[in-house]
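Take a look at the structure below.
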Amino acid sequence: MSAKRDRILFWVILTAVSVLFVYPFLWLISASLKPRDQVFDNVLIPTTWAPGNYVSIWQVAPVLSWFVNSVVVAIAAALTVTVASAVVAFGFAYFRFPGRNALFGLVLATMMLPGAATMIPVYLIWNSVGLATTQVPLWAANLFGSAFYIFLLRQFFLGLPRELFEAARIDGASYWTLFWRIAVPLCRPALIVVAIFELKASWSDLLKPLIYLRDPALYTLPRGLKAISDQFGQAGEQRWEIVLAGSVVTIVPMIVIFFLAQRHFVEGIATQARKG
Amino acid sequence: MSTVLPEQGSRIRSWVTGFRRRETLAAYGFLSPWIIGFLVFMAAPMIASLVLSLTDYDALRPANFVGMSNYQQLLLDPKVRVSLANTLIYTVMMVPGTMVIALALALLLAKVGRRSVGFFRTVFYLPVVTPKVAVGVLFLLLFNGQVGLINSALSLVGIHGPQWSTDPLWVKPGLVLMHLWAVGGTVVIYLAALKNVPRDLYEAATIDGASAWQRFRRVTLPMISGALFFTFIVETIAGLQTFDEAYAAFYGSAASATYSSDAALFYLIYLFQQAFQFLHLGYASAMAWLLFIVIIVITAIQVRLSRRFVYYEGR
């Protein structure tokens, strides 16, 4: 009996906490649909509806091209990091060769390296090849894989039965065939996890676009939202309804992807724990 | 290297023949993307940044060697001190806060039925997928001292809320609260760890007469200590590199002019300003190295601590 009462109590607490977590989203969406003078009235259902805010925002800022830029950069970042990390992870998982453990230790060690430590020389590299004000630096480093994803994918590749590869070797398959035709199809769920994680990381990134992008036409959505909030927010014209609509446009695509790929998000996070 | 001991010689020989093998060549072929990336985007930049930190490079004129003077200036720069203090204070509040609240929520989730877990987990995870720049913008609105939602809600229960976004004393607690909104990622990690605790351990403890608190303290905590430690390190490193939400809320071309207090000046924000707004690339490189050293020292202390507190099964 008491176990059941406890369970109901827990359920009530969790529901109350959930309201705290969801309310800011509801507030944001509702406020983005209000006229300027009612933004802060903290009423959930707008007294006066102003869906025109979403028309105004396309007029005052090139939001559509920012959206396209974000999509292009995020897809490039996710694709490159997934393929490159998988290639490297397979190298560590399948082969036995001198220097393997030392190199893998190095991969793990670089996970601790803060991005800030290399930020300035990396900028100078892109500057010296004339790409410092383009979108290329936002994703091109992903061509070389990323330590955490290499670690994650190596775990999955190690889980595949070795006989599978040996049989294929006897049949004359090349190493690349082992990777591309056997390992990759069997680890597709893990690859999706990596791609989605990077998609989210790239979509949210503010620092790199701040460093590299000068031309507003090249902005990604987070950089664009920052520009909108500089122009129309606290220090600017105080047109909060524009800033709010911009926030919604930045957030919603990620929420949609989250709902589509929820299972993979949760799997990916849970795998992080096993590493601990 | 004129005399090589016999056994050493054979070891070197086997290493060299190991390299000649087709398999080894193929392996390094697979690793080559990472090796190139490591050399070009990590090793070389780390060395370059060390060299830059000894110069007065400003991207316009050729660099002059200035020795340790950037590092001396670091120690005297009041903004370095303020931003480092801000970052540490924030991290010290944020990390334990995240861990305690995430653990409490994960324990609650572990106790309710399977069907509701999925629903709550989704709700808790939504803020995690929200870009931090939007979180920073939301912060200014929700935590506005006069008309913000937080203070309006507080006034309902008779509390006169502080000026979260302008009072230097309340800016960091406000940012911590905003960060706690995205606690869901840690909740999911803890929940996965809790599910891996063998049930028979609890049954054995109950038979031995352990109270609920003792079961938590002696069974649950040791069994999930690996996950606790992992989030401890990851959250600390993330806290020390806080940028997006604070910069979005308080800095930028226009906003920096209105907000004069340095209460939200995080170390990475000041580093970014020095490097890319004032183009003090030499000085900023010294700042980057200081941050790198701070992170290494703190992580090393944490790893030391973990040897005492983390329980690894099978060791």
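The values are calculated or read from the model by the stated rules, or taken from the named source; none is laboratory data. These numbers were taken from a predicted model, which means no experiment stands behind them. No Cβ is skipped: glycine too gets one built from the backbone with ideal geometry, and neighbour counts run over all protein chains shown. Surface areas here come from the heavy atoms of the whole protein model, side chains and all, with no ligands, DNA or RNA. Shrake-Rupley method; radii C 1.70, N 1.55, O 1.52, S 1.80 Å.
General observations
- Only helices enter the 222 nm calculation for chain A: every DSSP H run of n ≥ 4 contributes -39,500 (n - 2.57), and dividing by all residues gives -22000 deg cm²/dmol, rounded to 500.
- Projected label distance in nm at residue B:76 and residue B:169, using a 7 Å step from Cα toward the beta-carbon: 3.4
- The range B:150-179 and the range B:262-276 have their alpha-carbon centroids 23 Å apart.
- Table column - 3J(HN,Hα) (Hz), the range B:68-83, Karplus curve with 6.51, -1.76, 1.60, x for Gly and Pro: 8, 5, 4, 5, 4, 5, 3, 5, 8, 5, x, 5, 5, 4, 4, 5
- Alpha-carbon Debye profile of the range B:164-261, log10 I(q)/I(0) at 0.15, 0.16, 0.21, 0.25 Å⁻¹: -0.75, -0.80, -1.06, -1.27
- The slack in the chain from residue B:39 to residue B:296, taken as 0.36 nm per residue of separation less the alpha-carbon distance, amounts to 90.5 nm.
- Reported to the nearest whole Å, the Cα centre-to-centre distance from the range B:211-256 to the range A:55-107 is 25.
- On a per residue basis, the protein assembly as shown carries 47 Å² of accessible surface, using protein heavy atoms and a 1.4 Å probe.
- Rolling a 1.4 angstrom probe over the protein assembly as shown with all protein chains present gives an accessible area of which 66% lies on carbon and sulfur atoms.
- In nm, spacing of pseudo-spin labels at residue B:88 and residue A:217 (7 Å Cα→C-beta vector): 4.8
- Comparing the full protein assembly with the isolated chain, the residues of the range B:41-84 losing at least 30 square angstrom of accessible surface (1.4 Å probe) are B:41, B:42, B:45, B:46, B:52.
- Computed Rg/Rh of the range A:60-275, alpha carbon atoms with Kirkwood Rh: 1.05
- For chain B, the spherically averaged projection of the C-alpha convex hull amounts to 26.8 nm².
- Residue-by-residue Karplus 3J(HN,Hα) for the range A:11-23, coefficients 6.51, -1.76, 1.60, Hz, glycine and proline x: 4, 5, 4, 4, 5, 4, 4, 4, 4, 4, 6, 8, 4
- Relative packing of B:98-106, A:108-116, B:185-193, which averages over residues the other C-beta atoms within 10 Å, highest first: B:185-193, B:98-106, A:108-116
- ³J(HN,Hα) computed for each position of the range A:81-86 - Karplus, 6.51 cos²θ - 1.76 cosθ + 1.60, integer Hz, glycine/proline x: 5, 5, 5, 5, 5, 5
- Database remark: amide H of residue B:55 closer than 5 angstrom to the amide H of B:66 (H placed geometrically; neighbours at sequence offset of 5 or more, or on other chains; Pro and chain starts carry no H).
- The range B:76-309 - percent relative contact order, Cα under 8 Å, separation 6 or more: 30
- Heavy-atom accessible surface that B and A bury in contact, both chains counted, 1.4 Å, Å² to 100: 8200
- Between the amide H of residue B:145 and those of B:164, B:165, distances stay under 5 Å, these residues lying 5 or more places away or on another chain, with hydrogens modeled in the peptide plane.
- Aspartates and glutamates with Cα under 12 Å of residue A:226, excluding same-chain neighbours fewer than 8 positions away: A:205, B:244, B:245
- Segments A:53-60, A:42-49 sorted - mean Cβ within 10 Å per residue, highest first: A:53-60, A:42-49
- Remark: mean inter-chain Cβ contacts per residue of B:184-196 equal 4, using a 10 Å Cβ-Cβ cutoff to other protein chain atoms.
- Expressed as a fraction of 2.2 N^0.38 Å, the value expected for a compact globular protein of N residues, the C-alpha radius of gyration of the range B:77-231 is 1.28.
- The protein assembly as shown - Debye-derived log10 I(q)/I(0), Cα point model, q = 0.06 Å⁻¹: -0.35
- Computed from the Cβ-Cβ distance with R0 of 51 Å, the FRET efficiency linking residue B:47 to residue A:59 stands at 0.55.
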